[in-house]
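Accompanying notes for the structure given below.
The values are calculated or read from the model by the stated rules, or taken from the named source; none is laboratory data. The structure presented is a predicted model; accordingly, all values stated were derived computationally and were not measured. Note that we place each Cβ from the backbone using ideal geometry, even for glycine, and neighbour counts take in every protein chain shown.
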Ligand code: CIR
């Protein structure tokens with residue numbers, strides 16, 4: 001039976017303007033435009049072959065559109081996070097309800113904190129940002145869970161940006177798209193680095209689905225570089241959510257799902 005690639009997303013709520021900000025100054029966000037861009041984002045995922053699930057907005061939770069931070073989905077299990085920002089912890093339960101149809105759970109518990117945006121997966125390796133959102137206890141709990149499934153977790157210091165994946169995302173094969181100045185990249189040296197254009201540091205957060213690298217429309221030079229290296233790319237205009245410190249990976253949780261009566265092995269799409 002065929003595997004499906006599923007993306008869990010959430011409509012943008014009315015309180016987006018009150019989002020958490022760490023490295024950015026607050027700017028006014030055009031909510032209507034943000035919602036249009038989010039619809040186009042979902043359309044881009046569908047065009048890449050993804051089945052998109054859309055949760056209703058959470059109007060009292062400003063950052064709830066950034067579902068990536070609430071869970072990390074492995075082949076075998078979903079790990080529900082305990083987000084580092086207290087304002088974001090109530091986001092997890094509704095995402096958990098949506099994931100429940102696809103996976104069983106493990107949970108990060110107090111005093112651990114971890115945001116999904118800090119978790120970079122490359123094959124059986126998980127690299128976890130030590131950031132303002134992810135603490136040592138959260139890392140230790142996460143590492144113990146993934147170890148049960150034959151994976152390894154390595155911590156990486158994040159100094160110049162919100163999350164590890166603001167600075168590095170996995171392309172195809174052993175290539176990482178990276179802005180090394182924002183993190184301690186020493187643990188990643190065995191991979192090939194594709195450095196973002198120096199004028200486009202935020203380009204390091206790209207969304208790879210089914211072999212297509214989706215880059216922010218604000219990153220044309222990095223896109224050209226990726227194309228010249230042979231990657232298939234598309235752009236997504238994410239300008240409004242970028243003001244809320246959200247990159248392209250932040251607005252979805254993407255994983256492979258199978259019908260319950262299906263058997264056999266499963267692989268993650270990215
Ligand atoms: C926050 O600060 O939590 C949100 N304003 C942005 C979260 C972006 N999420 C992500 O990078 N995974």
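Side notes on the structure shown:
- If only residues of segment 157-174 that are within 15 Å of the ligand (Cβ to nearest atom) and part of a strand (DSSP E or B) are counted, the one that is surrounded by the fewest Cβ atoms within 10 Å (Cβ to Cβ) is 170.
- Check on residue 93, assigned to a helix (DSSP H, G or I), surrounded by fewer than 19 Cβ atoms within 10 Å (Cβ to Cβ) and out of contact with any strand residue (DSSP E or B) (no Cβ under 9 Å at 6 or more places or on another chain): no
Yes/no matrix, rows are residues, columns are (1) buried (at least 18 other Cβ atoms within 10 Å of the Cβ); (2) closer than 30 Å to residue 230 by Cα:
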| position | (1), (2) |
| --- | --- |
| 105 | no, no |
| 115 | yes, no |
| 126 | yes, yes |
| 131 | yes, no |
| 136 | no, no |
| 139 | yes, no |
| 147 | no, no |
| 176 | yes, yes |
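- Residue check for residue 17: surrounded by fewer than 17 Cβ atoms within 10 Å (Cβ to Cβ), within 16 Å of the ligand (Cβ to nearest atom), under 29 Å from residue 160 (Cβ atoms) and at pLDDT 95 or above: yes
- Verdict on residue 90 being without any contact (Cβ under 8 Å) to a residue 12 or more places away in the chain and more than 11 Å from the ligand (Cβ to nearest atom): no
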